[in-house]
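The values are calculated or read from the model by the stated rules, or taken from the named source; none is laboratory data. Since the model is a prediction, treat every value here as computed from it, not as a measurement. For neighbour counting, all protein chains shown are included, and Cβ atoms are generated from backbone atoms with ideal geometry for every residue, glycine included.
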Amino acid sequence: DVKVTQSSRYLVKRTGEKVFLECVQDMDHENMFWYRQDPGLGLRLIYFSYDVKMKEKGDIPEGYSVSREKKERFSLILESASTNQTSMYLCASRVAGVGYEQYFGPGTRLTVT
Amino acid sequence: AQKVTQAQTEISVVEKEDVTLDCVYETRDTTYYLFWYKQPPSGELVFLIRRNSFDEQNEISGRYSWNFQKSTSSFNFTITASQVVDSAVYFCALSTFKTSYDKVIFGPGTSLSVIP
């Protein structure tokens, strides 16, 4: 069965902290994504990785960085967390190629105080 | 510019009623894909259907059906005889091509509540 897992369901951090969100998929997918979901805005792409060590900026990369050292793992890093980064973060993966569906993790609800 | 609009923010229906969720998209590309995803209260988005721009045939899967009309740039989703388990947020998404990968744009979502 297809599986995408995220390291935490809920996370509370303080302003200025460095935050790591981890995502692991077991489907041998080449492509992985990080989105943030906010009410009324839908899902917005932060970063996309099309293969190991390869990444592309999405629509809202400011304040975030990513790391993909292994095919199954895609990390989102908030270098210095701010309150406007309080949100739901969703990770997804899919096979390489255009038009394929994405498989999502359960999400991490991050609160920055 | 590419855009996906889901004008209905929230919908409430009584169980067994039919309900249609609207999706209107904008793109200048001639080749693209459209998707519907369901996000139940547990939070994990689940893929429901994919349609490419060359296939306007409508699709039915059990109580779910989809109506794709290029002339109106719409890809609407109908649930027949709704059930409480259909309560979720539904997202429509558009995938268009960039040079080496596609860009997926999600609509804002429609929150459906099915009341017993």
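Can you tell me which of (1) farther than 19 Å from B:S42 by Cβ; (2) more than 10 Å from the chain's Cα centre (by Cα) is the one A:E22 doesn't meet?
With respect to (1) farther than 19 Å from B:S42 by Cβ; (2) more than 10 Å from the chain's Cα centre (by Cα), A:E22 is out only on (2).
Looking at this structure, is B:Y32 more than 25 Å from A:P39 (Cβ to Cβ) and in contact (Cβ under 8 Å) with a residue 40 or more places away in the chain?
In short, yes.
Quick one: which of A:E56, A:E69, A:E62, A:E101 is more than 22 Å from B:E44 (Cβ to Cβ), out of contact with any Gly (no Cβ under 6 Å at 6 or more places or on another chain) and facing chain B (nearest Cβ under 9 Å)?
A:E56
Can you name the residue in the range B:27-51 that is more than 10 Å from chain A (Cβ to nearest Cβ) and more than 17 Å from A:L43 (Cα to Cα) and is also nearest to the chain's Cα centre (by Cα) among such residues?
Checking each candidate, the answer is B:T27.
Looking at B:I11, B:I79, which one is of a type in the set (A, V, I, L, M, F, W, C), in contact with a helix residue (DSSP H, G or I) (Cβ under 7 Å, 6 or more places away or on another chain) and touching a residue at least 60 places away in the same chain (Cβ under 8 Å)?
It is B:I79.
Quick check on A:Q25: is it closer than 28 Å to B:A7 by Cα, out of contact with any Cys (no Cβ under 7 Å at 6 or more places or on another chain) and not aromatic (F, W, Y)?
no
Each row is one residue, and each column tells you yes or no for (1) closer than 30 Å to B:R50 by Cα; (2) crowded, with 19+ Cβ neighbours inside 10 Å; (3) hydrophobic (A, V, I, L, M, F, W, C).
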site: A:E69; (1), (2), (3): no, no, no
site: A:R73; (1), (2), (3): yes, no, no
site: A:A92; (1), (2), (3): yes, yes, yes
site: A:G99; (1), (2), (3): yes, yes, no
site: A:Y103; (1), (2), (3): yes, yes, no
site: A:T108; (1), (2), (3): yes, yes, no
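Considering only residues that are over 22 Å from B:I11 (Cα atoms) and either of a type in the set (A, V, I, L, M, F, W, C) or in a strand (DSSP E or B) (or both), look in the range B:54-93 and name the one that is nearest to the other protein chains (Cβ to nearest Cβ).
Residue satisfying both the conditions and the ranking: B:F54.
Of B:Y64, B:Y90, which residue is touching a Leu at 6+ places or on another chain (Cβ under 6 Å) and modelled with pLDDT of 95 or more?
Details: B:Y64 fails: touching a Leu at 6+ places or on another chain (Cβ under 6 Å).
After applying the criteria, what remains is B:Y90.
Of the residues in the range B:105-116, how many are in a strand (DSSP E or B) and either more than 7 Å from chain A (Cβ to nearest Cβ) or at pLDDT 95 or above (or both)? Write out each step before concluding.
Here is the first cut: in the range B:105-116, the ones in a strand (DSSP E or B) are B:105-106, B:110-115.
Within this subset, residues satisfying the condition of being either more than 7 Å from chain A (Cβ to nearest Cβ) or at pLDDT 95 or above (or both) are B:105, B:110-115.
So the answer is 7.
Can you name every residue in the range A:72-98 that is of a type in the set (K, R) and away from chain B (no Cβ under 13 Å)?
Correct list: A:R73 only.
Among the residues of the range A:66-82, are any in contact with a helix residue (DSSP H, G or I) (Cβ under 7 Å, 6 or more places away or on another chain) and touching a residue at least 40 places away in the same chain (Cβ under 8 Å)?
yes
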